[in-house]
Amino acid sequence: MVVIAKNCPDIEVEVVDINENRIKAWNDTNLDNLPVFEPGLSEILIDVRNNNLTFSSKVESSIRNSDMIFISVNTPIKEKGMGAGETSDLRWVESCARLISKSARGHTIVVEKSTLPVKTAQTIKEILDSSTSNNSDEDRTFSVLSNPEFLAEGTAINDLVNPDRVLIGGDDLEAMNALKDIYIKWVPENKIIFTNLWSSELSKLSANALLAQRISSINSLSAICEVTGAEIGDVAHAVGMDSRIGGKFLKAGPGFGGSCFKKDILNLVYLSRFYGLNEVADFWQETVAINSWQKNRIYKEIVARLFGNLADKKIGILGFAFKENTNDTRESPAIDICRNLLNEGAFLNIHDCKVNEKTIDKDLSSKNLFDKNMWAHKKDVYSVFEDAHAVIFMTEWSIYKTLDWKRILPIIKQPFWVFDTRLILDPNEIKNFGLNIWQLGNGMNK
Ligand SMILES: NC(=O)c1ccc[n+]([C@@H]2O[C@H](COP(=O)([O-])OP(=O)(O)OC[C@H]3O[C@@H](n4cnc5c(N)ncnc54)[C@H](O)[C@@H]3O)[C@@H](O)[C@H]2O)c1
């Protein structure tokens with residue numbers, strides 16, 4: 001919405017959220033307190049906030065005054081009931097649709113921006129249309145469009161300013177053109193594509209499934225590298241030079257995270273099973289299975305090298321976000337790996353460039369498994385090394401690539417292990433300091 005406001009000064013953009021604390025944070029004059037960290041976000045926000053972009057909790061009045069409404073609410077995986085652990089919980093989408101159906105006036109274009117299971121637009125349409133038939137006093141009509149968001153966290157602003165494509169799905173050409181008229185202000189016309197609603201909804205799930213599958217593919221190959229003497233960086237480079245494959249998104253690591261990949265694949269799996277396509281479902285399910293396996297095998301590699309015992313050992317954790325340049329920890333591989341290490345009795349010193357202590361606490365202590373005296377949040381990156389027996393590079397923050405190892409050597413315990421799950425270190429440099437290193441996908445590991 002910030003990018004729309006910036007490129008369309010003639011449009012009034014109102015962001016509304018039922019979470020008042022979030023709205024307060026979006027209105028905070030201290031830009032360090034924004035709820036989301038994204039490079040470049042605060043610079044644009046400061047330009048448009050309280051000009052043509054406002055944040056408020058006045059959901060109903062905002063709906064009443066809007067010609068176009070983007071539904072961008074959370075659609076996490078269902079926790080209970082039918083489809084639990086498999087398909088999206090649509091309660092927030094449905095409640096938005098009900099509120100819109102009650103509060104909208106005149107003709108309103110409703111845009112699905114949230115990622116949704118295929119055919120959700122039908123549900124939204126039915127809820128909206130039911131209100132038009134019930135209220136004869138009000139002449140209200142709706143058009144429903146699908147406009148999935150393809151941005152990646154960490155590069156969101158650039159992805160929005162220079163998108164690979166903007167996808168608009170619908171069956172009402174006038175409404176589709178109205179949405180296109182917004183994007184055309186900064187996106188080249190040939191990158192704005194029209195499809196029907198179902199192709200648009202399915203394209204978003206498919207894009208995330210294919211991206212996640214690439215990560216699981218390269219991660220499965222990283223394990224083969226370790227046992228055969230190959231190096232995953234070299235393999236990725238060599239295969240990525242094939243123009244049919246391409247070099248992007250071929251970086252091995254501890255597994256994909258973020259709120260979307262797992263959820264969107266699980267939705268695809270659920271959809272496939274629903275239509276009896278069990279082989280298709282099994283195929284995509286394996287992408288998620290490899291991701292869990294990768295996290296688990298890293299944890300086992302760590303324990304094995306620390307003599308099978310983590311009790312009374314201090315381990316430094318560098319990075320908690322699921323990737324660099326974000327403060328998002330949803331589905332971060334660091335959570336599962338840290339939980340497993342805590343379960344072995346290790347004490348963890350955790351540093352992250354943008355994730356705060358409160359978030360780490362929420363992620364680690366859910367289900368009351370671990371209490372706060374088994375880990376500490378460190379603001380200074382070097383303090384994670386104090387009396388540590390090992391350090392694990394979990395997130396690829398750039399400051400971790402240029403640590404001053406001479407400063408670290410006097411404060412660690414020997415023998416000391418470095419675990420590089422992101423391939424950001426030069427193993428020879430680490431070995432030259434007399435330290436042990438295990439690097440993901442490196443066939444020269446001990
Ligand atoms: N985060 C991403 O990188 C990303 C990328 C592409 C697509 N998506 C999709 O976008 C959607 C939102 O993702 P997110 O990460 O921003 O989720 P989020 O949980 O961070 O934010 C959703 C917000 O919606 C608010 N909300 C819920 N119900 C509401 C209602 N009835 N009225 C007003 N506000 C309401 C919540 O309070 C919350 O602040 C999801 O469907 C996700 O799959 C996210």
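The values are calculated or read from the model by the stated rules, or taken from the named source; none is laboratory data. If you're wondering where the values come from, they're calculated on a predicted model, not measured in any experiment. As a convention, Cβ positions derive from the backbone with ideal geometry for all residues, glycine included, and neighbour counts pool all protein chains shown. Note: areas computed on protein heavy atoms with side chains; ligands, DNA, RNA excluded. Shrake-Rupley method; radii C 1.70, N 1.55, O 1.52, S 1.80 Å.
Between helix 120-134 and the chain there is an angle of about 30 degrees, using the helix long axis and the longest principal axis of the Cα atoms.
Taking the charge dipole of the chain about its Cα centre, with +1 at Lys and Arg Cβ atoms and -1 at Asp and Glu Cβ atoms, the residue from THR395, ILE71, GLY434 reaching farthest to the positive side is GLY434.
With a 1.4 Å probe and all protein chains left in place, how much accessible area per residue does the chain have, in Å²?
Heavy-atom SASA per residue in the chain reads 48 Å².
Each residue of region 174-179 was assigned a 3J(HN,Hα) from its phi angle through the Karplus expression (A = 6.51, B = -1.76, C = 1.60, θ = phi - 60°), giving 5, 5, 4, 5, 5, 6 Hz with x at Gly and Pro. Rounded, prolate or oblate: which fits region 169-293 when a ≥ b ≥ c are the square roots of the eigenvalues of the alpha-carbon gyration tensor, with rounded for a/c under 1.5 and prolate only if a/b beats b/c? Oblate, since a/c reaches 1.5 and b/c is not below a/b. The amide H of HIS107, built 1.01 Å from its N in the peptide plane, has THR141 as neighbours under 5 Å, considering only residues 5 or more places off or on other chains.
Full extension of the chain between ASN177 and SER243 gives 20.3 nm of extra length, using 0.36 nm per residue less the Cα-Cα distance. Under the rule a/c < 1.5 gives rounded, and otherwise a/b versus b/c splits prolate from oblate, where does region 39-172 land using the Cα gyration tensor? Judged from the Cα gyration tensor, region 39-172 comes out oblate (a/c at least 1.5, b/c at or above a/b).
Computed over protein heavy atoms with a 1.4 Å probe, the carbon and sulfur contribution to the accessible area of region 276-403 reaches 48%.
Here the chain carries DSSP beta bridges of which approximately 5% are antiparallel, counting only pairs with both residues inside. Backbone geometry of region 195-210 corresponds, through the Karplus equation with coefficients 6.51, -1.76 and 1.60 at θ = phi - 60°, to 3J(HN,Hα) couplings of 9, 7, 4, 6, 5, 5, 4, 6, 4, 5, 4, 5, 4, 5, 5, 5 Hz, x marking Gly and Pro. Sequence-ordered 3J(HN,Hα) estimates for region 15-23 from the Karplus curve with 6.51, -1.76 and 1.60 and θ = phi - 60° stand at 8, 10, 8, 6, 7, 5, 5, 5, 5 Hz, glycine and proline given as x.
Under a 5 Å amide H cut-off, with hydrogens placed 1.01 Å from N, VAL187 pairs with nothing among residues at least 5 apart or on other chains.
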